[in-house]
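Remarks on the structure that follows.
The values are calculated or read from the model by the stated rules, or taken from the named source; none is laboratory data. Since this is a predicted model, take the numbers as computed values, not measurements. For neighbour counting, all protein chains shown are included, and Cβ atoms are generated from backbone atoms with ideal geometry for every residue, glycine included.
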Number of protein chains: 2
Amino acid sequence: MAKNIQRFSYVVCLLVSILVNIFFFRKMYYEKDKLSWSQRAAEEAEAVAAISCSGNGRVFVDGIVVDGKPICECYSCYGGNDCSLLLATCPADVEGGDPLFLEPFWMQNAASSAVVVAGWHRMSYFFPNQSYISKELEKNIRKIHAIAKNAITDGRYIVFGVGSTQLLNAAVHALSMESSSSSPFTTKVVANKIPYYSPYKFQTEFFQTLHYEFEGDSSMLKNKSDFGGNVIEFVTSPNNPDGNLRNSVLKGPNVKTIYDRAYYWPHYTAIPAPADEDLMIFSISKLTGHAGSRVGWAIVKDVNVYKRMMDFIDVAEMGTSKDGQLRALTLLKVVAQGDDKQLFNFAHQILSHRWEKLSRIFSLSKRFSLQRIPTQYCTFLDRIREPSPAYAWVKCKRKEDKNCTEIFRVAKIIGRPGSKFFAENRYVRLSLLKGQHDFEMLISQMKKLVSQEGGVGAQAISSF
Amino acid sequence: MAKNIQRFSYVVCLLVSILVNIFFFRKMYYEKDKLSWSQRAAEEAEAVAAISCSGNGRVFVDGIVVDGKPICECYSCYGGNDCSLLLATCPADVEGGDPLFLEPFWMQNAASSAVVVAGWHRMSYFFPNQSYISKELEKNIRKIHAIAKNAITDGRYIVFGVGSTQLLNAAVHALSMESSSSSPFTTKVVANKIPYYSPYKFQTEFFQTLHYEFEGDSSMLKNKSDFGGNVIEFVTSPNNPDGNLRNSVLKGPNVKTIYDRAYYWPHYTAIPAPADEDLMIFSISKLTGHAGSRVGWAIVKDVNVYKRMMDFIDVAEMGTSKDGQLRALTLLKVVAQGDDKQLFNFAHQILSHRWEKLSRIFSLSKRFSLQRIPTQYCTFLDRIREPSPAYAWVKCKRKEDKNCTEIFRVAKIIGRPGSKFFAENRYVRLSLLKGQHDFEMLISQMKKLVSQEGGVGAQAISSF
């Protein structure tokens, strides 16, 4: 009897085990079915992402290959094969506007933000209906603006360009052509006021056609009541470098305005109301941080301006990269998912924290000052909010400190000189957008610099 | 004894089964470990690729979404949700240069050509060393030219642009600036000779700066011995539309030449020798068929011209899409793999087959003729080869057939009119680059058209 029970239990165990085997076998077979052609690329991408660079760098699938594997690309001030060497006497480089502070967000959202591109994906010049524009991306752009409450897109046209950079010139071209039919004068292009972002000048001069020319800042025309020609004014709002919201200075029937809205996101500024200008330019670069994808868009009211801008993109390059558009679409879907505030909150928290930290140091200095940005009601956060600008616009206050960039350079902080914004060199711009290690180096060097002033400030800083 | 043996065999079976269980469990656990963040995107891409469109269309991951899924995009002349409806009275559309004949190659090489892009991939404006250019892509471009034996790249500079389209204007800009320092005249831009690709004219006029202007075809200047200014000549070789190899017409110290080498691949032409001109423009579009990625490159001898072209790309848009560059890199690696002739042989076989088929039909017509392309020795194939051009350049020979495009349109074939190449409308260009279904429709309609002539030809065609 006992032996029978024992035998019975063996049989049951064996049957269960065999069933489990069948289950595993089916599941494995099924899993294998599920991924076929994408498996290799997925494994490669994950293997590359898993390479360690000591936390001081990262590897990309298209990085320089040594011994069959792409190598570590170290953060600034780190070196060696695995980025483990900290380079002595290395400065904090906060010159450029690389929006790498958003990189951790995408590492945290790795699964939803990954893109798999098939070899035969979008080989044609066109999306359906001979369009250069992904309708799904356009739809998602409108959705994101509605979420951020930063622009009205209903009934507006959308043009894609290679970053907002290209759209600046496409807009100048389109508006100057509009003007040229109505006026015998060459259209004058101006930038709102000093300090302003230098490409308005350099790009307009570089591509100067017979129809337009760069004139300087808006004050050059404001007092010239006798100028009867057409004018295009660039307004950056929030402004680069100082983060303040701006409005056009010039008004009148012969003035057209290009609103560069690259920084008009809850990351960087209060959103008092959705922007509703005739021509506004945005980009993925300062929204999701993907500057490298070169995806920008213009929101345009007038159908003729829209058509001229589309012509520009067509003649310049027959549309923008479908790969960049697919990437942007995937990223915007992540931004819109969940409670749809995840990215905005992440970005705002980092930048307001950085601003607070930097402000505390500057508050202890008598030698240097930061720009003022008024606290304002933000419709996105639904409350009054403190500043969180993309850049610090620093003034060297001592009379003899005429070259502020040089003073910072000696203190091992690389900023962008005021002259690059057509302001005095008494100013320097420091980027708050870069990766965490760059920001921490900036803070560390700033503390040393302000400490050198001595007095109460130095004591306070040492207790930070 | 027998019972003991039986019990023993139960135990052994159970142990084996448990071991198999452990094996499966470990394998599954290991497999699960292997793919983590890329799994979702890979599954999505494969699921989308598996949607059936009755063989008459395809679905893309960024297609219009209906009921949560991207919908079928049907080939021309097909409709319905699953592209199963053949639209009656639909013409063969062979107007454009979409290189979709290469799509099947990438479907056949699905695993090696797939790309997985991580959410944090290349967010910066720059590759290492503040470069806009992927060094790995540059390296692979040089490698492919060496394989195809179609261009010398050693010691040459490489500039990337948004398709070859953008590089045409970047080159005109760079060369006109070179000239403007040495001459008081505006640089004249000309195109080699009629028939020529229309963007040379339209783009040069559209972006006309103070430094250059479009003059027409080279003959406009050839006989003007008194013109002392600088000249830029566009030479397309092989030529679009007629596929013939060309050389510059104008010579002299004040002449610069831009060689548009988009079609100088073994797909389309014999390669008599590697091209070695001062400034040559190529693109991924006509090499791998990925027109939508907008990746082109110029090979430049002179360092100053190279620098000016790089400046152009910088000022125009701060570099080209990193996503497009990654895609191009992956595709070029596939081209270079195996016996490294796979893509070239595939492309050449399709196009020479298409040309042969079309030529047979035209040989039976007295009303229409095709361009002549001499057979030539090809260093890539290492033999004399028959033509396999990208386009048929058709002449309507009857005196009264002044509008060839219209005659073809009535016969349900949409081509590009001769006037778009500044030739007589007695000519029409038919694309041989499109998908197989488009080509088959062309053949079917061509047979009908030539049959209408009656006589021996019609009889011969009916026996095809």
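Miscellaneous remarks
- A search for C-beta distances below 7 Å between a residue of the range A:57-73 that is free of Cβ contacts under 8 Å to residues at least 60 places away in the same chain and within 17 Å of B:ASN140 (Cα to Cα) and any residue that is assigned to a strand (DSSP E or B) and not small (Gly, Ala, Ser), counting only pairs 6+ apart in sequence or on different chains, returns A:PHE60/A:PRO70; A:PHE60/A:GLU73; A:VAL61/A:PRO70; A:GLY63/A:PRO70; A:GLY63/A:GLU73; A:ILE64/A:PRO70.
Condition check ((1) modelled with pLDDT under 95; (2) assigned to a helix (DSSP H, G or I); (3) more than 30 Å from A:ILE18 (Cα to Cα); (4) facing chain A (nearest Cβ under 10 Å)) across all residues:
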residue	(1), (2), (3), (4)
B:GLN6	yes, yes, no, yes
B:LEU14	yes, yes, no, yes
B:ALA47	no, yes, yes, yes
B:ASP62	no, no, yes, yes
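- Residues of the range A:310-320 that are facing chain B (nearest Cβ under 7 Å), more than 18 Å from B:VAL295 (Cβ to Cβ) and not hydrophobic (A, V, I, L, M, F, W, C): none at all.
- Looking only at residues of the range A:71-130 that are among the acidic types (Asp, Glu) and either in the same structural domain as A:SER431 (by the TED database) or under 26 Å from the mean Cα position of the chain (by Cα) (or both), we find that the one that is farthest from A:SER388 (Cα to Cα) is A:GLU73.
- Those strands (runs of 3 or more DSSP E) of the range B:376-464 in which 2 or more residues are surrounded by 14 or more Cβ atoms within 10 Å (Cβ to Cβ) and touching a residue at least 40 places away in the same chain (Cβ under 8 Å) occupy B:376-378, B:391-396, B:427-431.
- Looking only at the range A:299-309, and only at residues there that are more than 14 Å from chain B (Cβ to nearest Cβ) and of a type in the set (A, V, I, L, M, F, W, C), the one that is farthest from the chain's Cα centre (by Cα): A:VAL303
Yes/no per residue for (1) touching a Pro at 6+ places or on another chain (Cβ under 9 Å); (2) in the same structural domain as B:LYS201 (by the TED database); (3) more than 11 Å from B:ASP93 (Cα to Cα):
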| position | (1), (2), (3) |
| --- | --- |
| B:ILE413 | yes, no, no |
| B:SER419 | no, no, yes |
| B:TYR427 | yes, no, yes |
| B:GLY435 | yes, no, no |
| B:ASP438 | no, no, no |
| B:SER444 | no, no, yes |
| B:LYS448 | no, no, yes |
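- Flag for A:ARG26 being surrounded by 18 or more Cβ atoms within 10 Å (Cβ to Cβ) and either of a type in the set (Lys, Arg) or at the interface with chain B (Cβ under 7 Å from one of its Cβ atoms) (or both): no
- Only one entry of B:ASN81, B:ASN21 meets the criterion of being surrounded by fewer than 20 Cβ atoms within 10 Å (Cβ to Cβ) and either in contact with a strand residue (DSSP E or B) (Cβ under 7 Å, 6 or more places away or on another chain) or in a helix (DSSP H, G or I) (or both), and that entry is B:ASN21.
- Count of residues meeting criterion [closer than 19 Å to B:ALA148 by Cβ and buried (at least 24 other Cβ atoms within 10 Å of the Cβ)] in the range B:244-260: 2
- Within the range B:211-243, the set of residues being touching a Leu at 6+ places or on another chain (Cβ under 7 Å), farther than 30 Å from B:LEU370 by Cα and either within 14 Å of chain A (Cβ to nearest Cβ) or surrounded by fewer than 21 Cβ atoms within 10 Å (Cβ to Cβ) (or both) comprises just one member, B:PHE227.
- Residue in the range B:29-45 that is in a helix (DSSP H, G or I), among the hydroxyl-bearing types (Ser, Thr, Tyr) and at pLDDT below 95 present: yes
- Within the range A:322-370, if we keep just the residues that are of a type in the set (Phe, Trp, Tyr) and out of contact with any Lys or Arg (no Cβ under 8 Å at 6 or more places or on another chain), the residue that is farthest from A:ALA148 (Cα to Cα) turns out to be A:PHE362.
Condition check ((1) more than 29 Å from B:LEU381 (Cα to Cα); (2) in contact with a helix residue (DSSP H, G or I) (Cβ under 9 Å, 6 or more places away or on another chain); (3) touching a residue at least 24 places away in the same chain (Cβ under 8 Å)) across all residues:
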| site | (1), (2), (3) |
| --- | --- |
| B:TYR264 | no, yes, yes |
| B:PRO272 | no, no, yes |
| B:HIS290 | no, yes, yes |
| B:ILE299 | no, yes, yes |
| B:LEU326 | yes, yes, yes |
| B:ASP340 | no, yes, yes |
| B:ASN345 | no, no, no |
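- Residue in the range A:77-87 that is touching a Lys or Arg at 6+ places or on another chain (Cβ under 7 Å) and either at the interface with chain B (Cβ under 10 Å from one of its Cβ atoms) or without any contact (Cβ under 8 Å) to a residue 40 or more places away in the chain (or both) present: no
- Matching option when the condition is more than 14 Å from every other protein chain (Cβ to nearest Cβ), under 18 Å from A:ALA262 (Cβ atoms), of a type outside the set (Gly, Ala, Ser) and not in a loop (DSSP other than H, G, I, E, B), among A:LEU343, A:LEU351, A:LEU331: A:LEU351
- A single member of A:LEU358, A:LEU370, A:LEU331, A:LEU351 is farther than 20 Å from A:ASN240 by Cβ and either surrounded by 15 or more Cβ atoms within 10 Å (Cβ to Cβ) or in contact with a strand residue (DSSP E or B) (Cβ under 6 Å, 6 or more places away or on another chain) (or both), and it is A:LEU331.
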